[in-house]
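Engineer: Below you will find the structure I want to go over with you.
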Amino acid sequence: MTKQISLLGATGSIGMQTIDIIREHSHEFKLVAFSAGRNLEKTREIIREFSPSLVSVQEENDAIMLKKEFPRIELAYGSKGMIDVATHSDATLLVNAVLGSIGLESTLQAIKQQKTIALANKETLVTAGHLVMAAAEKYQTIILPVDSEHSAIFQSMNGEKRSQVSRLILTASGGSFRDKTREELKNVTIQDALNHPNWSMGAKITIDSATMMNKGLEVIEAQVLFDMPYDDIEVVLHRESIIHSMVEFQDTSVMAQLGTPDMRVPIQYALSYPDRLPRKQAKRLNLVEIGKLHFEEMSFERFHALKLAYDAGRAGGSMTTVLNAANEAAVALFLGEKINFLQIEEFIERAMDNHVVINNPDLETILHVDAKTRNAVHNMVK
Ligand code: NDP
Ligand code: MG
């Protein structure tokens with residue numbers, strides 16, 4: 001039977017690769033609704049190719065314009081439009097590939113409608129993981145990780161008992177600046193930062209990889225998804241990005257998932273789960289060609305943002321909301337050429353220092369803390 005899919009963030013890097021998978025397996029998957037931001041060219045292309053029932057864009061004016069061009073399609077906009085896409089009655093699976101904590105409310109609404117959630121939008125789990133996981137349990141739905149590390153852990157845990165897992169080992173490529181000293185980071189440019197050695201991704205996550213905050217967000221994401229204590233989550237630098245992550249069990253056996261770096265593999269697995277589908281055009285892993293895999297210890301001094309993420313995770317409550325909101329705001333300032341590279345982590349640290357943790361925050365508190373933190377970070381520039 002064809003799986004009916006709704007997709008948030010269709011015009012982004014993960015969104016377009018999700019569309020590749022839907023196109024490659026048109027008998028298995030059908031795109032029934034999607035959201036985009038401001039990229040109307042790509043939005044039009046996707047509408048023409050897939051004729052979905054509902055499309056949502058960021059701005060009202062854009063929605064009005066598209067409605068004139070595509071009168072048979074329902075058009076929506078803004079956060080309400082994203083919720084409409086996420087909860088579309090025809091869809092059984094939501095792929096959330098939108099960027100940032102803006103994806104939180106639509107995820108929660110989709111869970112309430114018992115949609116299966118394929119989640120790339122890690123900021124949602126960092127900002128309010130406890131709400132997402134509690135809702136998933138209450139409404140008996142499943143959260144399937146799309147992030148390659150979490151998909152690797154999820155796959156390595158298949159058929160195993162969670163209680164017998166002793167450690168999660170996340171691998172990190174090291175990002176564009178892995179060989180630079182902190183001194184050398186003082187003068188790096190946006191273009192340098194956007195030049196990732198292994199993965200082609202959206203701008204924000206590429207900067208997050210350069211600061212190592214991406215791995216920090218992923219440590220919190222892993223804690224939330226797999227309910228592991230922070231002391232049992234480790235990060236190891238692995239330049240080749242071939243081992244996507246590992247799980248150690250109490251008998252010291254370690255399970256890993258390997259493959260060439262291609263996000264379409266974890267995306268497809270989340271779509272086809274619990275089945276696997278062939279991938280005809282994909283590059284297969286050739287270990288002989290690669291020859292050697294390397295592993296190095298992560299330094300918290302060198303990668304200070306990773307330490308901030310562990311600190312925020314251990315502080316718990318609203319502190320991870322602050323970490324995420326401050327990071328989103330600071331990265332946007334860096335991309336807008338308002339601050340330099342090292343100021344990203346400096347601003348995040350200041351936001352965390354100024355915050356008093358609120359335990360077990362509800363949605364309203366989270367939205368309030370998120371907005372307040374972004375505002376505070378913007379004021380730091382002045
Ligand atoms: P992109 O920046 O490439 O895409 C973001 C998507 O969200 C676009 O469709 C964009 O629309 C849309 N969007 C952005 N802001 C808004 C808004 N205010 N309202 C509505 N829509 C909006 O990001 P990525 O695809 O790289 O990342 C998406 C998520 O997946 C992130 O959480 C990231 O951490 C995660 N992820 C990404 C990986 C990757 O390889 N890229 C790997 C693992 C996780 P538009 O472009 O039309 O404006
Ligand atoms: Mg990842």
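Please treat every number below as a calculation from the coordinates, not as lab data. Bear in mind the structure is a predicted one, so any value in this text is a computation, not a measurement. A quick note on method: Cβ atoms are made from the backbone with ideal geometry, for glycine too, and the neighbour counts reach across all protein chains shown.
Engineer: In the structure displayed, which of Lys30/Lys283; Lys161/Lys283; Lys204/Lys372 lie more than 29 Å apart, Cα to Cα?
Structural biologist: Among Lys30/Lys283; Lys161/Lys283; Lys204/Lys372, the Cα-Cα distance tops 29 Å for Lys161/Lys283.
Engineer: Consider all pairwise Cα distances in region 259-382 and report the whole-number % of them above 27 Å.
Structural biologist: 45 percent
Engineer: Still on this model: Quick one: what does P(r) look like for region 171-289 with 10 Å bins over all Cα pairs, in whole %?
Structural biologist: Percent of pairs per bin, in order: 11, 36, 36, 15, 2.
Engineer: When all C-alpha to C-alpha distances in the chain are sorted into bins of 10 Å, what percent of pairs does each bin hold, rounded to whole numbers?
Structural biologist: Going from the shortest bin to the longest, the percentages are 5, 24, 34, 27, 10, 1, 0.
Engineer: Further question on the same structure: Quick check: from the Cα gyration tensor, does region 166-209 come out rounded (a/c under 1.5), prolate or oblate? Walk me through the numbers before you get to the answer.
Structural biologist: Working: a/c = 2.65, a/b = 1.46, b/c = 1.82.
In terms of gyration-tensor shape, oblate.
Engineer: Relative contact order, percent, of region 223-303 when contacts are C-alpha pairs under 8 Å separated by at least 6 residues?
Structural biologist: 36 percent
Engineer: Still on this structure, I have one more. So if the hydrodynamic radius of region 1-133 is defined as the Kirkwood radius over C-alpha pairs, what does Stokes-Einstein give as its diffusion coefficient at 20 °C and 1.002 mPa s, in µm² per second?
Structural biologist: Estimated diffusion coefficient is 149 µm²/s.
Engineer: When the chain is fully extended, how far beyond the present Cα-Cα distance does Thr189 get from Met65, taking 0.36 nm per residue of separation?
Structural biologist: On the way: separation 124, 0.36 × 124 = 44.64 nm, distance 3.73 nm.
Gain on stretching Thr189 to Met65: 40.9 nm.
Engineer: Sorted by mean Cβ packing within 10 Å, highest first, what order do the peptides 6-15, 197-206 take?
Structural biologist: Working: 6-15: 27.1, 197-206: 17.4.
Highest-to-lowest ranking by the protection proxy: 6-15, 197-206.
Engineer: Let me ask another. Give me the percent relative contact order of the chain, please, defined on Cα pairs under 8 angstrom at least 6 residues apart.
Structural biologist: In percent, rounded to a whole number, it is 15.
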